[in-house]
Every structure is written in structure tokens, then in C-alpha cells.
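Working notes for the structure below.
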Amino acid sequence: MNVRIALTGFGNVGQGLATLLRDRNELYERRYGVRFTLTGVRDRSGAVTDPHGLDFAALLHAKSEQGTVAAGANDMERDVPTFLEASQAQILVEAASTNYVDAEPGWSYVLGAIDRGMDVVVASKGSLALHWNELMGAAKAAGRHVLYSATVGSPVPSLQLAERVLVGADILGFEGILNATSHQILTAMSQGASYAEGVRQAQEMGMAETDPTLDVDGWDAAAKVLIVANAVFGSSLRLDDVRRQGIRGVGAQELERAREANEVIKLIGRARLVDGKVVASVAPEQRSLDDPLGRLRGDAMGIVFDTEPLGRMAATDEPAGGYGGGVTTAMTVIRDLINLARDRGWTRPPTA
Ligand code: HSE
């Protein structure tokens, strides 16, 4: 079955998604009987739509040559209902760069899509971090699916581990390295690089937010803690509920002291049930190299759930590089798209 997607945001993640679909759609069709078509793409400068499907290579070419997908004849205004209507899409993928002030432009598209009866795959954290209750309430009332595994440190399967694997156990809390940029910067600094060099490396690796202060000041990690906590504990945390300390205060002396103790400093996000309430924070911590988070290399992320009666359960990644940071997140968007298509009965069972 052909599944039509409207995409907001054509930065690292959006372009990664177009690249992966260009290269892997045949495979998904063979394996799952589903093919994903981009029928609308909106970037900062405008939008293009075609309900029969836009050409992936042409979109990527337009972006790289002209800086926008909308330089051609089919340029449209940013009006949300007009864009969604013109796309005729079943699913919105929201991957525009995020902010924690009003979560726009993504939030209007997410709400507009649910209003239109579309399912939503969210890759940008703003809508979830600022509007969790409203978003989940609207989706539930409309019978729509909202998937967001790309928002929480993809491709580490944090939500799937909690919701599918640990489903019969009690989750008491979790801790994780949930922001790759600050992890890369701290790792580079512990090897002698300056803070500025660390930031540049993370930007070159394609993992930093458009505004890296969101990474280094802990906003990105705090948003991820909030999302995992609300998903796992059924809480309604807001961003202000996550105590937040970033990595700017971590100096050479502190890193040196850790090294002398054969330990490392990592930015750890955590949430825990305390007397039935969720207590959440993000802060730099010194960790042993034996620790499942302490031993992670600079570009990796990971999460450890503390459970009864299973004990600690970890999921970590070691990114393969290659396509760059955006494609790693885009691969997680594809995970959500295929699972959504399965839930909707749009795939066929695997054949031998
Ligand atoms: N900027 C984020 C990070 C990537 O460094 O982890 C997207 O969540």
C-alpha cells in the first residue's frame, strides 16, 4: 500500500528521511508491502505538494542547490490547512527545528493534522515538551496515533524497551545519556579539546541542534527526560519540572580530577518515582568507566531502566556514521512509520 506523508522541516532529519526513502522504499515494499510517498514538504521558505508523490532526488537537489524545496513553480504559503489539504497525506512527520517557547511552527501543524484525521510522527520535541496533555488528549479524542520515538535520543529504543519489553515489570526510574552533542563535547574536552572545538565537532557530525545552546544548557536532554517520563509513568511533567544544569560549568580541572580517578563526566538525565511522584533532573555527573553509561563513547547515547523484579535494563547505541546525524534520527522516524502502518493494517504480514 502507498502511504502518503506530509513533512514539515527539511533540515538534517527531513533530508535524511528523503534520502532513506529514496534508497529503501523498494525494500520496504518487498518486506512489508508498504511504500512511503512524500506528498508535501514544507521548509522555512515555503512548501511544495503533489498528492501523487514528490520526487525524492528532486527535493534533495532543490534544497542543496537553492536552499529550499519551494524555489520552483509550486511554491505555497505557510498556511497549515492549505498545505495539509494539498498534500492529501495520511501521516504528518513533524521535523521542523524546535523551540521551547511556543513550539512553533511544528505545534500548529501537529494540531492541524490531528484535526484533519491524520496520524502524526513527531521528530521535534517542542510540541511534546510544551503541550503534552493537550496533544495526547486531542489525539485520543480523535482516535489518532502519535508516535515520537525519534524525539528521545534516537535510535536508542528507550520507549520500546519501556513499553513493550518491560511491560510486565515495574519501572522505578531511569537514567540516560540523552544528548549526543553535550556528550561529544565533554568527551572531546576530556581528551584535551577546547569547548569551542567540541561544539564544532558536534556540529560537523550533524548532531547539534540548530541552536546548540539547547544542547549545552541541557534543554534537549530535559525535554527527552520529560517525554520518556510522561510516556513511562503516565505523568504530566512540564519542562520547568525537570531540574536542569548543562555542561557549560564543567571545566578542565573537573575533567582532570575525573581522569585521575579513572572516571568520566557525563551529562545524565534521570527521572524516578519518589513517593508516587516523578522527580526529574539533568546534570553533569562523574561516572565510573565500568558503568553502562560511563563507558559509552562520545557519539553514543543510552538509557538504563531500574526495574522490579528484573533489575537494571540498558539500551545503548554505537552510531555507524555514514549518512550523518540526521539519517540516524530519520531511521527512527522510519521505525515509527512502519510500526504505525502495521498498527493501521497498511502492511501485509512478512512473507518467507
Ligand atoms: N541535538 C540532539 C543531540 C539531537 O545532540 O542529541 C536530536 O535530539
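The numbers here are math on the coordinates, done by the rules we state, and not lab data. This one's a predicted model, so the numbers in the text were calculated from it and none came from an experiment. We place every Cβ from the backbone using ideal geometry, glycine too, and count neighbours over all the protein chains shown.
The table for this structure:
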{"quantity": "Pairwise FRET efficiency - A142 versus T210, Cβ, R0 = 35 Å, nearest 0.05", "calculated": "0.70"}
{"quantity": "Segment R238-A193, extension gain: residue separation times 0.36 nm, minus the distance between their alpha carbons", "calculated": "12.7 nm"}
{"quantity": "Cα gyration tensor shape of the chain, rounded if a/c is under 1.5, else prolate or oblate by comparing a/b with b/c", "calculated": "prolate"}
{"quantity": "Where labels lie 7 Å past Cα in the beta-carbon direction, separation of D102 and K277 in nm", "calculated": "3.3"}
{"quantity": "Dipole magnitude (debye, nearest 20) for the range 5-78, charges at Cβ of Lys, Arg, Asp, Glu", "calculated": "280"}
{"quantity": "Mean Kyte hydropathy of -1.0 or more with a Cα span along the axis of at least 18 Å, helices from DSSP in the chain", "calculated": "126-142, 219-233, 325-343"}
{"quantity": "Over the range 196-352 - Rg/Rh using Cα atoms and the Kirkwood inverse-distance radius", "calculated": "1.00"}
{"quantity": "Estimated inter-spin distance, N2 and N339, nm [label 7 Å along Cα→Cβ]", "calculated": "2.8"}
{"quantity": "Lys, Arg +1 and Asp, Glu -1 on Cβ, resulting dipole of the chain about Cα centre, debye, nearest 20", "calculated": "740"}
{"quantity": "Which of H61, H52, H183, H145 has the fewest Cβ neighbours within 10 Å, and the rest in rising order", "calculated": "H52, H61, H145, H183"}
{"quantity": "Amide proton proximity set for M301, modelled H, under 5 Å, gap of 5+", "calculated": "D317"}
{"quantity": "Separation of the R248 and R200 label points, Cα + 7 Å toward Cβ, nm", "calculated": "2.1"}
{"quantity": "Formal net charge of residues neighbouring G302 (Cβ-Cβ distance under 11 Å; K, R +1; D, E -1)", "calculated": "-1"}
{"quantity": "Residue among V48, G67, L27 farthest towards the positive dipole end of the range 23-107, charges placed on Cβ", "calculated": "L27"}
{"quantity": "Contour excess over end-to-end distance, with Cα ends at A320 and E256 and 0.36 nm allotted per residue", "calculated": "20.1 nm"}
